[in-house]
Amino acid sequence: MCGIVGYVGKRPALKILISGLRRLEYRGYDSAGVAFFEGSATGSKIHIQKSEGKLENVERLLDASPGRYEDVCCGIGHTRWATHGKPTTQNAHPHQTGHVVLVHNGIIENYQTIKAELIARGHRPQSETDSELLGFLVLEEMNRGSSLFEAVRKSFQRLQGQCSVVIMSEKEPGTVIGVRNGSPLVAAADPKGGAILASDPQPLLELAREVVYLEHGDIVVSNDRGMRFYDLETGAPVERHPTQLEWSADRLDKQGFPHYMLKEIYEQPTALIDTLNGLLDRATTDPFTLARQPGVELLERAKEITIVACGTSWYAALLGKYWLERWARIPVNLELASEYRYRDPVMNEGTLLVGISQSGETADTLAVLRKSKKSEIPTLAITNVRGSSISREASATFYTCAGPEIGVAATKSFTTQLLSMLLFSGALMLKPRAAAVPGDITRRFDDMIRLPHVLSDYLGDRSGKMASSIRETARALQLSKGFFFIGRGYSFPIALEGALKLKEIAYVHAEGYAAGELKHGPIAMIDENMTVVVLAPGDTWRDKTVSNLQEVKARGARILGVGSASDSELKSMCDHWIELPNVQLDEAFMPFFLTAVVQLLSYELAVLKGTDVDKPRNLAKSVTVE
Ligand code: G6P
């Protein structure tokens, strides 16, 4: 959601703020702004430049006064994703209230009460946001004689809801204060003196490798000498230890690809290898031996598993359910986090609650984990972000190792989630309950180790056979009125994911269906302007899916088949054809190849439509509000 950056030190602050905000653009935003002390940090006047729309608008405002801001060495910045009030310049952050200026991420739940009280005391908020109100509270406290630090602490006692804030005051030039009260905030000391704060680690990478993830209820005070941490409630100093970041800044660049999303699709084989290396015990060749960590014991003890997730992560969980049930014979319930959190679910004893979230910040998934923890149900998180809220909340966490994913649409984070599900299915297959044949276990494990390599060969490069055939197909289909993606068994979750990807980045109407469901309604939509993407690898469900293909073909739909290279019968029924690799792998691995196809198809259609592929409209990468 909203992105926050703050910097104070000896370097040119505006450059750091703008490039930091750029690194946060992937979160999705609709307005942006910066606030800074004009001149040196000891100058007392804070200047604000903000605008609706893209960050370029703010840069243009700054460029209008060339050279004027070169000395600036203390400031804060923000990218806003509107929750309270429209995405206008007026509502954009930073917000100034008297000598207090702040940026905010999250929601002040009791803002209406606070607003009414402030108005009754004669204040006149200028924006529709909840964020601005905090500035008035801080100003009032400072007018009563508090320091900025004390004023922030006291004001937070009035707030309900989860948020993080970075704040400065003209009365205390050269100090930037940050608060984590739920929503994430990270801080790093600048080796040249000073500190940088941000809502996630990406903006910090250019300055530092050692970052501190603030705990919930921490306040950090930074100036050109460094930073100190305190408890928000008591004001007492607290010690926080830095974490070494594994992500290097150059991995964040596009490396020659036209879009991050495309680069991330091609990074999937590497992301799979990294995830295997992270989760498996590589010291042994015994199949499916997980690296010892607290989560393994929780998994092994579970009698039943309930998985909660949202969006693409939910589709990964759906496929996980299929694998876990088939391989490990363990009952799995699957739930949308946003529904589950407000229901009265009945949980059997011995149930393990698993939350899957690439960002580790999704509000609904986090809320379910919190609630379960309160009820003493063991919880396990699967996420791509170390130090994320979900990883901190769960009893134990498994990390996927997809690396930073900048494109808003999930790609490599999804396939690494799939892989972790597959690994757990394999690990639990070793339990007596599963009664698996040893030969099967070894064969599946060997296939899993081969998977990244086979996927890499299949993807080839941008000029290879697979990429070219998908590009050509996209050109032929670009005028379709709509798309149905259909599949059965292991292909069904990928049909859902394919339709979601297409909606997300190409803004084309698309639906994913279990192929057997078509006749129960959706088939009424079929005519010659519709394309049906049939996911039918040569697996257990292939023949059934082909029967469904015939039903839609008979009603005039254009058929794009995705199937085994040797399936000439299927190929002959299709108007367009994309073949899967001609290799012997267990059918459980087909979804990885199907995923690559639907990702690239959506990507090519989006490029043809000219959409903003990496930052699709209305979407955010990390959804920290309900
Ligand atoms: C957002 C993202 C999706 C993601 C969903 C769940 O909508 O744009 O790509 O699938 O949130 O996010 P999570 O971080 O919990 O996986």
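The values are calculated or read from the model by the stated rules, or taken from the named source; none is laboratory data. Predicted model only: the values in this text are computed from it and were never measured. With ideal geometry, Cβ positions are generated from the backbone for all residues, glycine too; neighbour counts draw on all protein chains shown. Just the protein is used for accessible areas: all its heavy atoms, side chains included, with ligands, DNA and RNA removed. Shrake-Rupley method; radii C 1.70, N 1.55, O 1.52, S 1.80 Å.
Structure summary
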quantity	calculated
Count of segment 456-473 residues which are modelled with pLDDT of 90 or more, farther than 21 Å from Thr415 by Cα and open to solvent by less than 40 Å² (accessible area, probe 1.4 Å)	3
Residue among Phe485, Phe492 that is under 25 Å from Asn582 (Cα atoms), open to solvent by 10 Å² or more (accessible area, probe 1.4 Å) and touching a strand residue (DSSP E or B) at 6+ places or on another chain (Cβ under 7 Å)	Phe492
Scope segment 570-626; condition within 16 Å of the ligand (Cβ to nearest atom), charged (D, E, K, R) and surrounded by fewer than 17 Cβ atoms within 10 Å (Cβ to Cβ); matching residues	Asp612, Arg617, Glu626
Positions within segment 405-419 being more than 8 Å from the ligand (Cβ to nearest atom), farther than 22 Å from Phe589 by Cβ and among the aliphatic types (A, V, I, L, M), in sequence order	Ile406
Failed criterion for Leu334 (all others in (1) within 16 Å of the ligand (Cβ to nearest atom); (2) touching a residue at least 40 places away in the same chain (Cβ under 8 Å); (3) open to solvent by 30 Å² or more (accessible area, probe 1.4 Å) hold)	(2)
Segment 506-515, residues that are in a loop (DSSP other than H, G, I, E, B) and surrounded by fewer than 20 Cβ atoms within 10 Å (Cβ to Cβ)	Tyr507, His509
Scan of segment 394-433 for residues that are of a type in the set (Val, Ile, Thr), open to solvent by 10 Å² or more (accessible area, probe 1.4 Å) and not in a loop (DSSP other than H, G, I, E, B), ordered by number	Thr397
Criterion (assigned by TED's automatic domain parsing to the domain that holds Val34 and in contact with a Leu (Cβ under 9 Å, 6 or more places away or on another chain)) met by exactly one of His95, His47	His95
Segment 516-549, subset assigned to a loop (DSSP other than H, G, I, E, B) and over 17 Å from Ile494 (Cα atoms), residue most open to solvent (accessible area, probe 1.4 Å)	Glu528
Asn384, sole failed condition from (1) more than 9 Å from the ligand (Cβ to nearest atom); (2) touching a strand residue (DSSP E or B) at 6+ places or on another chain (Cβ under 8 Å)	(1)
Residue, most open to solvent (accessible area, probe 1.4 Å), within segment 114-154, restricted to residues that are in a loop (DSSP other than H, G, I, E, B) and of a type in the set (Ser, Thr, Tyr)	Ser147
Flag for Thr415 being within 21 Å of Asn105 (Cα to Cα), of a type in the set (S, T, N, Q) and at pLDDT 90 or above	no
Matching entry among Val437, Val368 (being more than 9 Å from the ligand (Cβ to nearest atom), of a type in the set (Val, Ile, Thr) and modelled with pLDDT under 90)	Val437
Condition met for Val598 (over 34 Å from the mean Cα position of the chain (by Cα), part of a helix (DSSP H, G or I) and either in contact (Cβ under 8 Å) with a residue 40 or more places away in the chain or not assigned by TED's automatic domain parsing to the domain that holds Ser338 (or both))	no
Subset tally (residues that are modelled with pLDDT under 95 and among the aliphatic types (A, V, I, L, M)) for segment 187-211	5
Checklist (1) crowded, with 18+ Cβ neighbours inside 10 Å; (2) on the phi > 0 side of the Ramachandran plot applied to Gly563, failing item	(2)
Those residues of segment 45-70 which are open to solvent by 70 Å² or more (accessible area, probe 1.4 Å) and touching a residue at least 40 places away in the same chain (Cβ under 8 Å), in sequence order	Lys45, Glu52, Glu70
Selection within segment 169-182 - surrounded by 22 or more Cβ atoms within 10 Å (Cβ to Cβ) and out of contact with any His (no Cβ under 9 Å at 6 or more places or on another chain)	Val176, Ile177, Gly178, Val179
Tally, over segment 275-310, of residues that are over 18 Å from Ala394 (Cα atoms) and of a type in the set (D, E, K, R)	4
Complete set of residues in segment 267-317 that are within 16 Å of the ligand (Cβ to nearest atom) and touching a Pro at 6+ places or on another chain (Cβ under 7 Å)	Tyr315
